[in-house]
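To keep things clear, I will list the structure first and then write my remarks on it.
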Amino acid sequence: MSARNDQHFLVDRHAVGRIAGAIEVAGRLVLEIGPGRGILTRALLDRGAKVNAVEIDPFLAECLALDFDDEIRAGQLTITRGDAIRCPLPPFEVVVSNLPYSASSKITFRLLDAGFSEAVLMYQSEFADRMLAFPGTPGCGRLSIMVQTYCAAGRLFDLPPQAFSPQPRVRSTVVHLIPRDPLFPIHDRRLYADVVRALFSHRRKTVRNCLKSAGGMLSPTHVERMLSGLPEEILASRPEALFLEDFATIANMGTA
């Protein structure tokens, strides 16, 4: 069987139990993106969660509607048929999902914008490694900076390809995210996001040259303020060498 819409269905029931039990879900409204055949959905419902699921595949959504008819009628489960990248998301408090690999980045950024209390998310391990890379190290990038600016992020456990059907060619990693306020003051969150994106669009350049090349991502006024107000130590650094405080300093200078 081939994967449908980039979905590799989790079949390892021990792994399902670990994911569903990673956080307290009883009495909480859980968003599940990509429920597939519903094995995790069932585990969440059995633990007392109310689940709002989003499934892109019409065939799978129809199968879920049939398999979980009683739970839907009881108001414990809703199924939204749509693409979680762009469709209206149903209400939720926490997120527990095995995300489709190809959409992981866009969905993660969307969830950060939407807000949540906690999230347990499964990713391709390489993606998770990039997300969890420490600021100031070569592995960090836009994803790690944005996630770690607004969340405490930690690795829970890895899963081998054998935990899925069909088996992916890569390992998977389950990550726990807990939103928090930024460790350093950020005056304009939208500008901060634009600065991080602009800097990592040219990660091998110095911050000075990244800002000079940021046409379309940053306004000339913001760039001028940053170039004239930032210390040389930051301007001469590469983005991957910066810490969270440095990104906040750069963005805040644009509003000075």
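Within 10 Å of each residue's Cβ, count the other Cβ atoms and sort Thr255, Thr149 from fewest upward.
Lowest to highest Cβ neighbour count: Thr255, Thr149.
Given a Förster radius of 45 Å and the C-beta distance between Val170 and Glu232 as r, what FRET efficiency does 1/(1 + (r/R0)^6) yield to the nearest 0.05?
With R0 = 45 Å, the Cβ-Cβ based efficiency is 0.60.
When the dipole is taken about the Cα centre of the chain, and only Lys, Arg (+1) and Asp, Glu (-1) are charged at their Cβ, what size is it in debye, to the nearest 20?
On the way: 29 positive and 28 negative charges, 124 e Å.
Dipole size: approximately 600 debye.
May I ask you to compute the full-extension gain from Phe109 to Cys87, defined as 0.36 nm times their residue separation minus their alpha-carbon distance, rounded to one decimal in nm?
6.5 nm is the gain from fully extending Phe109 to Cys87.
Placing +1 at every Lys and Arg Cβ and -1 at every Asp and Glu Cβ, with all other atoms neutral, what dipole size does segment 189-254 have around its Cα centre, in debye to the nearest 20?
It comes to approximately 300 debye.
Could you tell me whether segment 189-254 comes out rounded, prolate or oblate from its Cα gyration tensor? Rule is a ≥ b ≥ c as square roots of the eigenvalues, rounded for a/c under 1.5, then prolate if a/b exceeds b/c, otherwise oblate.
Because its axes are fairly even, with a/c under 1.5, segment 189-254 counts as rounded.
Return the label of the correct value of Rg/Rh (Cα atoms, Kirkwood Rh), as calculated from the structure shown, out of [x] 1.31; [y] 0.99; [z] 1.04.
Checked against the structure: label [z].
Please tell me the relative contact order of the chain in percent, rounded to the nearest whole number, where contacts are Cα pairs under 8 Å and at least six residues apart.
Result for the chain is 16 percent.
Gaussian network model of the chain, Cα springs within a sub-10 Å range: biggest mean-square fluctuation belongs to which of Arg142, Arg13, Arg73?
Residue with maximal mean-square fluctuation among Arg142, Arg13, Arg73: Arg73.
Can you return the aspartates and glutamates within cross-link range of Lys50? Criterion is Cα-Cα under 17 Å, with same-chain partners fewer than 8 residues away left out.
Glu24, Glu32, Asp67, Asp69, Asp70, Glu71, Glu93, Glu118
For segment 9-179, what is the percent of antiparallel DSSP beta bridges, rounded to the nearest 5?
On the way: 16 of 33 bridges.
The answer is about 50 percent antiparallel.
Quick check on the chain: helices-only [θ] at 222 nm, where DSSP H runs of length 4 and up contribute -39,500 (n - 2.57) each and the sum goes over total residues. Nearest 500, please.
Details: 12 runs with 102 residues, N = 256.
After summing the helix terms and dividing by residue count, I get -11000 deg cm²/dmol.
How far apart, in nm, are the 7 Å Cα→Cβ label points at Phe157 and Lys205?
4.5
So how do Cys151, Cys210 line up by other beta-carbon neighbours within 10 Å, fewest first?
Ascending number of Cβ neighbours within 10 Å: Cys151, Cys210.
Order by neighbour count: Phe243, Phe164, fewest other Cβ atoms within 10 Å first, most last.
Ranking Phe243, Phe164 by Cβ neighbours within 10 Å, fewest first, gives Phe243, Phe164.
Please list, ordered by chain and number, the residues whose modelled amide H lies under 5 Å from the amide H of Leu31; skip anything fewer than 5 residues away on the same chain.
The list, which skips near neighbours in sequence, is Asn52, Glu93, Val94, Val95, Val96.
For a paramagnetic label modelled at 7 Å from the Cα of Glu245 toward its Cβ, which residues of segment 114-149 fall within the zone defined by backbone nitrogen distances under 16 Å?
Label zone hits: 135-137, 149.
If you take the charge dipole of segment 189-254 about its Cα centre, with +1 on Lys and Arg Cβ and -1 on Asp and Glu Cβ, which of Leu227, Gly215, Met253 is farthest toward its positive end?
Comparing the listed Cα positions along the dipole, Gly215 ranks first.
Multiply the residue gap between Ile72 and Phe134 by 0.36 nm, knock off their C-alpha separation, and tell me the result in nm, one decimal place.
18.1 nm
Any read-out appearing in this document is the output of simple, stated calculations on the displayed coordinates, not a laboratory observation. Quantities reported herein were computed from a predicted structural model and do not represent experimental measurements. In this analysis, Cβ positions are derived from the backbone assuming ideal geometry, glycine residues included, and neighbour counts consider all displayed protein chains.
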